[in-house]
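Taking it in order: structure first as structure tokens, then the write-up.
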Amino acid sequence: MRTSRTARRAALLASGTVLMTLLAASPAGAAGLPEVTGLPVVTAAGETAALYDDEAGGNSDADDPAIWRNPADPGRSLVVATAKEGGLRVYDLDARLVQSVVAPRPPAEDDAPGRFNNVDLALGLRTATGRADVAVVSDRGNDRLRIYRIDPSRPGGPLTDVTDPAAAPVFSADQAEINDQRTAYGLATWTDRATGRTYALVSRRERTRLALLELVPAANGTVGYRKVRTLDLPSSFRLPDGTSWSPCLEPGELPQVEGMVVDPATGTLYAGQEDIGIWRLRADLTGKPVLVDKVKEYGVPGTYDEATEECAPGADPGYGGKRLSADVEGLTLFQERDGDGYLLASSQGDNTFALYDREVSEGNEYEGGFRIGAATDTLDSVEECDGAAILNAPLGDRYPRGLLVVQDGQETPEVPDGEGGTRTATGFKFVDLGVVVDAAGM
């Protein structure tokens, strides 16, 4: 049985092996971070070049990463990351760009363009031409999945599009509905150990629906998918005082899910409903979902203001959680060989990361958290993190204890846009997983 986190942290503090002191105030260089007391602060070892969400930058907006381990040469492993209308980016472990993959063009001039939202990996996927490691991407713009074969020896870049051309929209009935953009959004992959079948779990933008899609081999080594079933999470909730509550959103929107991850050992899906909290449910979308933890804002009434397009919150009745500040995003797993480990979630509203026990029998209890602060004036802190990925395995000399990659929603230094403002800049931070383990007492 795992030693309690409190006891392990005390031992680490006594031995002096924690990388950074537990801080009650923001670290130097991390101005703008809300104060969150009692959490350790780590720093990134590297970062990608900034992506810019404007015409000059190709409308590129960093969102979600996945880490592919090169079994033949772990030091040459890769990070595959989404850039929305900017398509995909592939980076090496020094955070250098290896390949850019453009998103599909719109079918017609007035149609929505391709927009890559989330990415996950499926290793050893069965195809008509043999087993392959693939990156599976939710194309929000076209309401489809895109599948890319990973081959580090391929000239021109490791990713090749192997999506079945006949792949149908995930949720939409036609192009007009696709253009409304209530389309494929969050994504996680899962291989059922009992059957060997591989699936993608996909959420729908501005809706509570989740879909289970089986990945199936198609002609000439391409990969398609078929819908198995769907499940709708709640959009309104009964509060302890007997009233009904729904989070304040734009008219017509429901509380959506984006961050998702499946525990491969148990077939358990964890889904982050952004304004609600973290759900635990069977990855086959059967059974009853369980709300593991709530965001702090859970139960707070709000009134939408059409003029400002913002919600004015009312008085907090005190029904929310204590660790997550909406939105909850970026779910990923720290897996240990003995079945132990942690579920990590990005608490986007206060720029922290929360850790939960991986063991369902322990009720996925909260185990602490951390922040990613600034290492230098240019290697800045992480704010408003959308996506995260952990790989707990040696990755050569650079990351011998594994790697954490997170999206940074406010990349610095700021760059003028030529109109008196600054360009919207995002990117990805690479964090030595060993540093996180030591600092957070994992």
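The values are calculated or read from the model by the stated rules, or taken from the named source; none is laboratory data. Computed from a prediction, not measured in an experiment: that's the story for all the values here. A quick note on method: Cβ atoms are made from the backbone with ideal geometry, for glycine too, and the neighbour counts reach across all protein chains shown. With ligands, DNA and RNA removed, areas are computed over all heavy atoms of the protein, side chains included. Shrake-Rupley method; radii C 1.70, N 1.55, O 1.52, S 1.80 Å.
Take residue 166 and tell me if it is open to solvent by 30 Å² or more (accessible area, probe 1.4 Å), closer than 18 Å to residue 214 by Cα and in contact with a helix residue (DSSP H, G or I) (Cβ under 6 Å, 6 or more places away or on another chain). Considered against the rule, which asks whether it is open to solvent by 30 Å² or more (accessible area, probe 1.4 Å), closer than 18 Å to residue 214 by Cα and in contact with a helix residue (DSSP H, G or I) (Cβ under 6 Å, 6 or more places away or on another chain), residue 166 comes out as no. Restricted to the range 391-435, and to residues that are over 17 Å from the mean Cα position of the chain (by Cα) and in a strand (DSSP E or B), which residue is surrounded by the most Cβ atoms within 10 Å (Cβ to Cβ)? Filtering first and then ranking leaves 399.
Answer yes or no: is there a residue in the range 186-198 that is open to solvent by less than 60 Å² (accessible area, probe 1.4 Å), more than 27 Å from residue 299 (Cα to Cα) and over 24 Å from the mean Cα position of the chain (by Cα). Yes; the residues of the range 186-198 include at least one that is open to solvent by less than 60 Å² (accessible area, probe 1.4 Å), more than 27 Å from residue 299 (Cα to Cα) and over 24 Å from the mean Cα position of the chain (by Cα).
Annotation note: Cβ proximity below 7 Å between a residue of the range 215-232 that is part of a loop (DSSP other than H, G, I, E, B) and a residue that is surrounded by 13 or more Cβ atoms within 10 Å (Cβ to Cβ) and of a type in the set (Gly, Ala, Ser) (sequence gap 6+ or interchain) occurs for 218/224. The number of residues in the range 308-322 that are acidic (Asp, Glu) and closer than 15 Å to residue 276 by Cα comes to 1. Within the range 79-110, the set of residues being in contact with a Gly (Cβ under 9 Å, 6 or more places away or on another chain), closer than 19 Å to residue 185 by Cβ and open to solvent by less than 30 Å² (accessible area, probe 1.4 Å) comprises 81, 82, 83, 84, 86, 87, 103.
Exactly one residue out of 186, 157 is in contact (Cβ under 8 Å) with a residue 12 or more places away in the chain and not in a strand (DSSP E or B), and it is 157. For the range 199-214, give me each residue that is closer than 25 Å to residue 236 by Cβ and either more than 18 Å from the chain's Cα centre (by Cα) or in contact (Cβ under 8 Å) with a residue 40 or more places away in the chain (or both). Hits for the range 199-214 are 201, 202, 203, 204, 205, 206, 207, 208, 210, 211, 212. Under the condition of being farther than 21 Å from residue 272 by Cβ and open to solvent by 40 Å² or more (accessible area, probe 1.4 Å), the residues counted in the range 111-132 number 6.
Of the residues making up the range 229-242, not a single one is touching a Lys or Arg at 6+ places or on another chain (Cβ under 9 Å), farther than 18 Å from residue 187 by Cα and open to solvent by 60 Å² or more (accessible area, probe 1.4 Å). Within the range 36-58, being part of a loop (DSSP other than H, G, I, E, B), among the hydrophobic types (A, V, I, L, M, F, W, C) and either without any contact (Cβ under 8 Å) to a residue 12 or more places away in the chain or farther than 20 Å from residue 399 by Cα (or both) holds for 36, 50, 56. Checked against (1) assigned to a loop (DSSP other than H, G, I, E, B); (2) among the small types (Gly, Ala, Ser); (3) at pLDDT 95 or above, residue 287 meets all criteria but (3).
For the range 240-253, the set of residues classified as assigned to a loop (DSSP other than H, G, I, E, B) and under 21 Å from residue 272 (Cβ atoms) consists of 246, 247, 248, 249, 250, 253, listed by residue number.
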